[in-house]
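Heads up, the thing below is written out as structure tokens.
Here, each number is a calculation from the coordinates, and none is a lab measurement. If you're wondering where the values come from, they're calculated on a predicted model, not measured in any experiment. Cβ: placed from backbone, ideal geometry, glycine included. Neighbour counts: every protein chain shown.
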């Protein structure tokens, strides 16, 4: 009964106020819709019901063309689409069922959660912002609980939070960004990996041509432009108190991939115009942004300083940019094939490819990379908890506006 009384009243108020000033009603409208969602009077906050139903009806519409074989120099990459959707992933989890089928738990940046047997919107905090390329930017697990990195905004502050989806608790909140006009939440980072009892997260300096925001990567009082480390148990000690955070490294622009391989820690991150980097991550080191870069400035093409002995040099720099996204270890069969080297994989947006990267175990220099052109903007690797999911050398990757693919290297020559 409450639902039928509240909603007409809301729309009457909206019509009255919004008639003269449509922009004035948007913020109150958002908060009223959040209140209705919080009271379980409506089922969605950021998406409309038609979008959710359409995603549910189309998720298993797979066509013959959705199978692809990409030939490499000495082996092939075979791709099969498993889930179909129109959107960008914030991350996804994979598990295998007893009947040899895979269990999908996919999160899109617009808040849609696609599973085998359901499609629904996750519960967002009321101050989430989808402006300036915002939304759900990353998803990860700590002790079985699902946490999200999201972009937030109120009238005077743009920031990011780590948010526990089930309990609706804000675990961590960053400081307000300066220069709100030039915030670009595409640069928020959101790479996640874990080792032993620690979660490692990247938080980028999210800007479009803003000197003020990029300068925060060198400021230790801000989390922007950093790789941070948090003990797993500290996430849930007290929901009213933020966990203890170690700034592991700083001077980063937008790290999109983090992974451990052997005893080493690697990242891949966006540069400015050119200058995308592969880095060997060492605790306490400064990676130079925005003081040094092999890229150039947007708009004017002016070069940055290339080297300073106070900063770590990248292992490798891509010129021009490839727009990297996720990075992970190679599946078991590829690791065995390249047993004398460190084998990593990473995905790209601009180059629409999966790359296989080889690094010398002793000298830690890049030996080679091989590009497998897929023709889709590749976004994330499927994970079990926060590590690469693989079974019988099969792993999973997501593509923007397309869906989830199973992938396997075979036909070794």
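Each label point is 7 Å from the Cα along the Cα-to-Cβ direction; what then is the distance between the points at residue 410 and residue 126, in nm?
Reported label-point gap for residue 410 and residue 126 is 5.4 nm.
Report the relative contact order of region 333-413, percent, no decimals, based on alpha-carbon pairs under 8 angstrom and at least 6 residues apart.
With pairs under 8 Å counted, the relative contact order is 21 percent.
Indicate the gyration tensor shape class of region 216-361 (rounded, prolate or oblate), computed on the Cα atoms with a ≥ b ≥ c the square roots of the eigenvalues: a/c under 1.5 is rounded; otherwise a/b larger than b/c is prolate and the rest oblate.
It is oblate, given that a/c is not under 1.5 and a/b is not larger than b/c.
In degrees between 0 and 90, to the nearest 10, how far off the longest principal axis of the chain does helix 22-38 point, with axes built from Cα atoms?
With rounding to tens, the tilt is 80 degrees.
Relative contact order for the chain using alpha-carbon pairs under 8 Å, separation at least 6, rounded to a whole percent?
Normalised by residue count, the contact order of the chain is 13 percent.
Fewest to most neighbouring Cβ within 10 Å: what's the order for 413, 229?
By the 10 Å Cβ count, ascending: 413, 229.
Where does each of 298-310, 156-168 land if you order them by average Cβ count within 10 Å, highest first?
Top to bottom by mean Cβ count within 10 Å: 156-168, 298-310.
In nm, what is the difference between 0.36 nm times the number of residues separating residue 392 and residue 71 and their Cα-Cα distance?
This chain segment gains 113.5 nm when fully extended.
In angstroms, what radius of gyration and Dmax does the chain have, counting Cα atoms only?
When restricted to Cα atoms, the chain yields Rg and Dmax of 21.8, 71 Å.
With 10 angstrom as the radius, rank 208, 289 by how many other C-beta atoms surround their C-beta, starting from the fewest.
The order, fewest Cβ neighbours first, is 208, 289.
I'd like the distance separating the alpha-carbon centroids of region 126-147 and region 328-349, in whole Å.
Measuring centre to centre over Cα atoms gives 28 Å.
Return the FRET efficiency for the residue pair residue 367, residue 283: r is the Cβ-Cβ distance, R0 is 25 Å, and the value is rounded to the nearest 0.05.
Efficiency, from the Cβ-Cβ distance: 0.50.
Using just the helices of the chain, give the 222 nm mean residue ellipticity in deg cm²/dmol: DSSP H runs with n ≥ 4 each add -39,500 (n - 2.57), and the total is spread over all residues, rounded to 500.
-4000 deg cm²/dmol
Let me know the shape class of region 289-348, please: from the alpha-carbon gyration tensor, a ≥ b ≥ c as square roots of the eigenvalues, rounded when a/c is under 1.5, otherwise prolate if a/b is greater than b/c, or oblate.
Because a/c hits 1.5 or more and a/b exceeds b/c, region 289-348 counts as prolate.
Which ordering of 412, 266, 311, 372 is given by a fewest-first count of other beta-carbon atoms within 10 Å?
Fewest to most other Cβ atoms nearby, the residues stand as 412, 311, 372, 266.
By how many nm would the segment from residue 58 to residue 233 lengthen if fully extended, with 0.36 nm per residue of separation less the alpha-carbon distance?
Length difference between fully extended and current span is 59.1 nm.
Which FRET efficiency value, to the nearest 0.05, do you get for residue 220 and residue 242 by plugging their Cβ-Cβ distance into 1/(1 + (r/R0)^6) with R0 = 22 Å?
Once the sixth-power term is evaluated, E becomes 0.85.
Taking the chain as the reference, fit the longest principal axis to its C-alpha atoms, fit the long axis of helix 49-58 to the helix C-alpha atoms, and give the angle between the two in degrees, 0 to 90, nearest 10.
Taking the Cα atoms of the chain, the angle to 49-58 is about 40 degrees.
Using 0.36 nm times the number of residues separating residue 166 and residue 264, minus their current alpha carbon distance, what extension gain do you get?
31.9 nm
Please say if region 107-240 is rounded, prolate or oblate, where rounded means a/c under 1.5 for a ≥ b ≥ c the square roots of the C-alpha gyration tensor eigenvalues, and otherwise the choice is prolate for a/b larger than b/c and oblate otherwise?
Note, shape of region 107-240 comes out oblate.
Which of the peptides 56-62, 221-227 is most tightly packed, and how do the rest follow, judged by the mean count of other Cβ atoms within 10 Å per residue?
221-227, 56-62
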